[in-house]
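Asks: Structure provided below as structure tokens; questions to follow.
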Ligand SMILES: [Zn+2]
């Protein structure tokens, strides 16, 4: 049996933790502000599809929204994103599940074959490495050359074919994904424009060979 008083507390607590006002929250979930106020006063419960969106938005399970979240507050100092990744990351060496390990000063993901990966500055370090002199691109010799190519509006490459960002957006809006894996994200310039247009809860996992650029 669902305890409505508990649910009221949990939803309002998760919303405040995420820093949303009731109005912002209702806009993101595409419901009326009255609906949010009803959930938070116990007059009604959110529909299943709204709960699903909330679970993605707050990186928690529907169970936790309905029954209380017992692990987020326990693991102090760990961002919810890392706990969430815990459920989907595989070890790149042996493909076993990776589990988050909270050692005293050191947050790591470990598999049961003892492969471990540090979390440094908010980035999971999979021990990839940059190739000296080739970190900007295989096509450019150095950063200046890269900047010249990308900031030069007369570059005929800009006029060839479809705009890449538009093509990607068409796919995104068609599938309305809950998770986007941005391979070779670099500093995130590509996904930045898509994020502005996404109006549903989504988790974006950004992967790049360069830990320095990810930071
Ligand atoms: Zn492993």
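Bear in mind that the values in this text are calculations on the coordinates, not laboratory data. Treat the numbers as computed from the prediction; the structure is a model and nothing was measured. A quick note on method: Cβ atoms are made from the backbone with ideal geometry, for glycine too, and the neighbour counts reach across all protein chains shown.
Asks: Rg and Dmax of the range 4-67 over Cα atoms: what are they, in angstrom?
Replies: 10.2, 25
Asks: May I ask you to order 36-43, 54-61 by the average number of other C-beta atoms within 10 Å around their residues, highest value first?
Replies: Per-residue mean Cβ counts within 10 Å order the peptides as 54-61, 36-43.
Asks: Once label points are set 7 Å from the Cα along Cα→Cβ at both residue 181 and residue 101, what is their separation, rounded to one decimal in nm?
Replies: 2.4
Asks: For residue 167 and residue 49 in one chain, what is 0.36 nm times their gap in residues minus the Cα-Cα distance, to one decimal in nm?
Replies: 39.7 nm
Asks: Right, next: Which stretch or stretches of the range 192-215 have amide N atoms under 13 Å from the point lying 7 Å from residue 121's Cα along the Cα→Cβ direction?
Replies: 210-215
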